[in-house]
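Working notes, beginning with the structure itself.
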Amino acid sequence: MTRIILFNKPFDVLSQFTDKGTEGTARRTLSEFIDAPGVYPAGRLDRDSEGLMVLTDNGKLQAKISNPKFRSPKTYLAQVEGNPTDDQLEQLRKGVVLKDGATRPAQVERIAPPELWDREPPVRYRKTVPDAWLRLTITEGRNRQVRRMTAHVGLPCLRLVRWSVGEWSLHGIAPGTWRDA
């Protein structure tokens, strides 16, 4: 029977179980939160991003979730610097050209600030620079893709939370905790 774990990865945690590259450092890893032998992340989430990670013991499922050819939708809540214009949102909806090529079109909409947990450390706040929240759904998963897409259209990302992957969501999962799907 396939095991699927849904984990709410906190900010500043690596999306791997070990950190051999910098032995002796205090970088946090999944092993601090998950003691479930035989499961591995289906895809990655940057150290400075938060939110849903799916882990499984099924290699085929892991590949299906993380491989862009399967177009598994991933939805993010992004706090961006600036006040998004219709033109900026339309650019994201059409797809943008990054250094590693054109992105697929994203579903994107401006949303009210979501009710999320406090982040440690908090996002910097600047009185003179407005910020806004977007809900973006992409069907790829390139390195730092959402951050690069929003920056490309002039909306640097201040906070990024992956809310869902395919049918699974963060609903009811506190930061640093997990549950079986």
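The values are calculated or read from the model by the stated rules, or taken from the named source; none is laboratory data. Predicted model, so just to flag it, every value in this text is computed and none were measured. All Cβ positions, even for glycine, are placed from backbone atoms using ideal geometry, and neighbour counts span all protein chains on display. Side chains included, ligands, DNA and RNA excluded: accessible areas come from the protein's heavy atoms. Shrake-Rupley method; radii C 1.70, N 1.55, O 1.52, S 1.80 Å.
The table below gives the values:
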| item | result |
| --- | --- |
| Strands (runs of 3 or more DSSP E) fully within the range 115-181 counting 3 or more residues that are open to solvent by less than 50 Å² (accessible area, probe 1.4 Å) and in contact with a strand residue (DSSP E or B) (Cβ under 7 Å, 6 or more places away or on another chain) | 131-138, 157-165 |
| Any hit, the range 136-146, residues being in contact with a Phe, Trp or Tyr (Cβ under 9 Å, 6 or more places away or on another chain), closer than 19 Å to residue 46 by Cβ, of a type outside the set (A, V, I, L, M, F, W, C) and at pLDDT below 95 | yes |
| Lone qualifier among 57, 35 - being open to solvent by 60 Å² or more (accessible area, probe 1.4 Å), over 19 Å from residue 140 (Cβ atoms) and at pLDDT below 95 | 35 |
| Among residues of the range 90-110, those that are of a type in the set (Lys, Arg) and in contact with a Gly (Cβ under 9 Å, 6 or more places away or on another chain), counted | 1 |
| Some residue of the range 127-144 being in contact (Cβ under 8 Å) with a residue 60 or more places away in the chain, basic (Lys, Arg) and at positive phi | yes |
